[in-house]
2 protein chains.
Amino acid sequence: MARPTIADIADKAGVSKGAVSFALNGRPGVSDATRARILQIAEQMSWRPHSAARALGASRVDSVGLVIARPARTLGVEPFFAHLLSGLQSGLSAHSISLQLLIVENTEAEIEVYRRWASEHRVDGVILVDLTVRDPRIDALKELELPAVVIGGRGGKGALASVWADDRDAMLSIVEYLAALGHRRIAHVAGTPNFQHTQRRIRAVRDAAPRLGLVDAPSLTTDFSDAEGAATTRKLLSQADRPTAIVYDSDVMAVAGLGVAMEMGVAVPGELSIVAFDDSILTQLMHPALTAMSRDTFDFGRQAAEVLLEVIATPTAVINRRTADPVLTVRESTAPPAH
Amino acid sequence: MARPTIADIADKAGVSKGAVSFALNGRPGVSDATRARILQIAEQMSWRPHSAARALGASRVDSVGLVIARPARTLGVEPFFAHLLSGLQSGLSAHSISLQLLIVENTEAEIEVYRRWASEHRVDGVILVDLTVRDPRIDALKELELPAVVIGGRGGKGALASVWADDRDAMLSIVEYLAALGHRRIAHVAGTPNFQHTQRRIRAVRDAAPRLGLVDAPSLTTDFSDAEGAATTRKLLSQADRPTAIVYDSDVMAVAGLGVAMEMGVAVPGELSIVAFDDSILTQLMHPALTAMSRDTFDFGRQAAEVLLEVIATPTAVINRRTADPVLTVRESTAPPAH
DNA sequence: CAAGGAAGCTAAACCGATTTAGCATCCTTC
DNA sequence: GAAGGATGCTAAATCGGTTTAGCTTCCTTG
C-alpha cells in the first residue's frame, strides 16, 4: 500500500477511524490493549499523518514562520541568522514543527506576509526579529491574532512574548573593561537608530560615561553596513582628539573599521582598541583577532522556539524569558591606550 | 465575517461552491460575467484560500523544501546560502509557493527529512545542494518519487533536473589568468573531495597545467573550514619552492589563507597572489581586497525555483539548465610574481 | 424540427484527518 | 436490583476546498 490512511489502519485493526485517531494522538477513549494494537499496526504500515488533513481537522498546521526584513546582501555575512535558525529548529524539531523562512526587503512586505500567512492558515505563529522603537508589526500581529515571540527586546506594554538578553549590561561591561584598561576617549559606532537594542546600547554608553570619567563617548548611528561602518571610523580617526577605543555594534562593521585603521596607519591595538558587539568566525579570521561580545545565538533560537510553542498552546500566556548574559571574549584587538 | 469560505461567496453570489471554485482558479465552467462577479465578491470579502483545505483537495501543498546539511557554524559566514535563498524565493513567490528550510548535521538526517516530508505531504518538491560523487540522496528521492532539482552539478544519468554553472571553465579561466601574469607555481586549496564540483575543479587544474607550462599545480583537499584552509596554506608556504599563487575553493578559506600569509610575512600580492572561488562581502572587506570568481547566486536560486516548478508540473520532464558563466573580479590580491 | 453537442451550472462525493453525539457494556453503590 | 456513572467504542458530522457526474438550456445543423 502506497500511503496508508487511518481508514486503512481502522480496517486492519477492525475498529473505527475515530478509535484510531484517539489511539494515535494519545487521547483517552480506547483501552490500553486496543491502543497498543493500533499503534503497532500503524508502525508496521509506516503510517504518517497527512499534514494537510490534520491541519484541516485540527486547525493547526504544525508550522511556524520567520520573516527577515533585510536586504539579502547584508544577510549572508552575519552568522547571527544561521545560528538563530539552527537553534530555532532544534527547539521545534522536538515537536515535529516545521519552519517557514522568508526574506523580504522591508517591514511593509513583512507585514504583508503575516497577513497572508494568517489568512491562508499557513503558520501557527511567528518569530519577530529586529524590533524597532514603535514597531508597526506588533499591532499588525495583534490584529491578526497571530501568536508571536519577539527575539531580543522585551515585548513591553503591548505584551508579546519575548526572549531577550541584557544589552545594557553587556554594553556596560564593554565600556567598563575599556575604562579599566585606561581608555578615556571611547567612541561607539552604533547600528540603525530605530532598533530598540541600538537605543539601549546608546543609553548604556551615555549613562556610564560620567561614572567612568570618560572625556568623550559619542555614539554614531549607521545602517549596519560595512560601508557606513568604514566611513564613520574614518571620520572618528580624522579628528584631532581621536578616540583610543571604538565599540562597534556588529562584527561586520568592526571588521570594516579595522580595515580603515590599517589603511590610515593607526595601529591596532597599539593606538586604537576595537571591540565588536556580536561574535563570529569573522572576528576570529582577522589579524589582529577582534575582542568581541559573544551571545549564545543558538540558545536564543532554541528558547524562542520553546516560548513560541507555549504561546501557541496558551495564547493568553505572557512570557518574557531572559537568556544567558553575553560574555566578552578578549582577543588581540584591545590593549591599554598609548600615552 | 471573520474568515470567509467559498461557501460564503457562493451564497452571496447565488451560485454553487463548485462554480466559485472554477471561477477562482481560472478554469472553464463558468461564464465570463459570472466569473467576474464571483471574483469581485471574493475580493470584496477579502477571501484567501485555506492552504490546508486546498492541499487536501488538490493534493499539492504549494510549498517546496530546502535542506542544508552542514554544521551551523560554517554556514553563517557564507553569503552563498543567503543569496540562494533570496533567489529561490523570488522565483517561488511569483507563484505563491512557500519555502521550508531545514539545517541538519549530515546527509542521513537530510534523507530522513525527505522521507518525512514525503509521507506527510509537506512539500511538493525539494532543492538539492552540495551534490557528492555517488550521492545517496538521488536514489532516496527517486524512491520517494519526490520531484527535485539539483543545484550546481548535472543530475547525470539518474536524471534529476538540475541548474548548473560551468565550474570547469571558471577554474580554467582563473588558472589561465594567473599563468598569463607569469605564475608557474600555482597551488589549489580545494574543498571536500567528495563534492562533485570539487572534483571538477581539481580536474580542470590538472588538465590545464601542462598546456600552460606550470611547474607544479597541486590540489590539496580540505573540509572547507577556515582552520583547514589556514593549515594547508601554512604547509604550502613552508615549502622550499613555495607557490607564487594560491587558488582557494571558497572565500572563507581564502581569507584564512591571507591571514596566514600576513602572519608568515609573505606579502600579498607581492610574493603571493590569492584568488577566491566564490565572492562575497568578505573578500571585499580584506586588505588587500581579494580577486574572486563571482557567480550570480541569486540568479542561480531563481532559476532553480523555475525548474523545480516545471518538474513538479511535469514529473517526466528532464531539465538541465545552464546558468550564466561565473566571472573573475580582479581586485588587489593578484599581481605578477616576484622574480 | 428532431438530433446532437456545447456551455453553464448544481449537487454530491471526496481528500484524510479530528471531534462530537450517542450507544452498549460493565462496575459501583445504596 | 435499579439507578448512576465510567469505560470503550461506533457512526456521523466537520474542516474548506476540488472534482466529477449529471442536468438544463440554448445553439447548431442537416
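The values are calculated or read from the model by the stated rules, or taken from the named source; none is laboratory data. Only a predicted model underlies this, so the values are computations on that prediction, with no experimental measurement involved. Here the Cβ is made from the backbone with ideal geometry for all residues, glycine too, and neighbour counts use every protein chain on show. Surface accessibility is based on the protein's heavy atoms, side chains included, excluding ligands, DNA and RNA. Shrake-Rupley method; radii C 1.70, N 1.55, O 1.52, S 1.80 Å.
Please verify whether region B:65-78 includes one or more residues that are away from chain A (no Cβ under 14 Å) and more than 9 Å from DNA strand D (Cβ to nearest atom). No, region B:65-78 contains no residue that is away from chain A (no Cβ under 14 Å) and more than 9 Å from DNA strand D (Cβ to nearest atom). Scanning region B:295-339 for residues that are within 14 Å of the chain's Cα centre (by Cα), at pLDDT 90 or above and of a type outside the set (D, E, K, R) yields B:F300, B:G301, B:Q303, B:A304, B:A305, B:V307, B:L308, B:T323, B:A324, B:P326. One residue alone among A:S119, A:S90, A:S31, A:S98 is farther than 25 Å from A:T192 by Cα and away from every other protein chain (no Cβ under 13 Å), and that residue is A:S31. Within region A:4-16, the set of residues being within 11 Å of DNA strand D (Cβ to nearest atom), more than 44 Å from the chain's Cα centre (by Cα) and open to solvent by 40 Å² or more (accessible area, probe 1.4 Å) comprises A:D11, A:G14, A:V15, A:S16. Among the residues of region B:302-319, some residue qualifies, meaning at least one is hydroxyl-bearing (S, T, Y) and open to solvent by 30 Å² or more (accessible area, probe 1.4 Å).
When A:S86, A:S98, A:S93 are screened for being out of contact with any strand residue (DSSP E or B) (no Cβ under 7 Å at 6 or more places or on another chain), away from DNA strand C (no atom under 13 Å from the Cβ) and in the same structural domain as A:L282 (by TED's automatic domain parsing), only A:S93 passes.
Checked against (1) away from DNA strand C (no atom under 16 Å from the Cβ); (2) within 13 Å of chain A (Cβ to nearest Cβ), B:A52 passes all but a single condition, namely (1). Looking across B:L75, B:L99, B:L85, one residue alone is under 17 Å from the mean Cα position of the chain (by Cα), crowded, with 19+ Cβ neighbours inside 10 Å and modelled with pLDDT of 90 or more. It is B:L99. Note on region B:122-160: residues that are within 14 Å of chain A (Cβ to nearest Cβ) and among the β-branched types (V, I, T) amount to 3. Apart from one condition, B:V252 fits all of (1) of a type outside the set (F, W, Y); (2) open to solvent by 30 Å² or more (accessible area, probe 1.4 Å); (3) in the same structural domain as B:A179 (by TED's automatic domain parsing); the exception is (2).
Among the residues of region B:1-16, those that are touching a Ser or Thr at 6+ places or on another chain (Cβ under 9 Å) and not in a helix (DSSP H, G or I) comprise B:R3, B:P4, B:V15.
Going through region B:36-45 one residue at a time, which ones are open to solvent by 40 Å² or more (accessible area, probe 1.4 Å) and either within 12 Å of DNA strand D (Cβ to nearest atom) or of a type outside the set (D, E) (or both)? Residues satisfying the conditions are B:A36, B:R37, B:L39, B:Q40, B:Q44. Scanning region A:228-247 for residues that are buried (at least 16 other Cβ atoms within 10 Å of the Cβ) and either of a type in the set (S, T, Y) or part of a helix (DSSP H, G or I) (or both) yields A:E228, A:G229, A:A230, A:A231, A:T232, A:T233, A:L236, A:L237, A:T244.
When each of A:A23, A:A52, A:A19, A:A33 is tested for being in a helix (DSSP H, G or I), exposed (fewer than 12 other Cβ atoms within 10 Å of the Cβ) and either away from DNA strand D (no atom under 13 Å from the Cβ) or not polar (S, T, N, Q) (or both), the lone residue that passes is A:A33. Residues in region A:2-49 that are among the acidic types (D, E), away from DNA strand C (no atom under 13 Å from the Cβ) and closer than 25 Å to B:R115 by Cβ: 1 in all.
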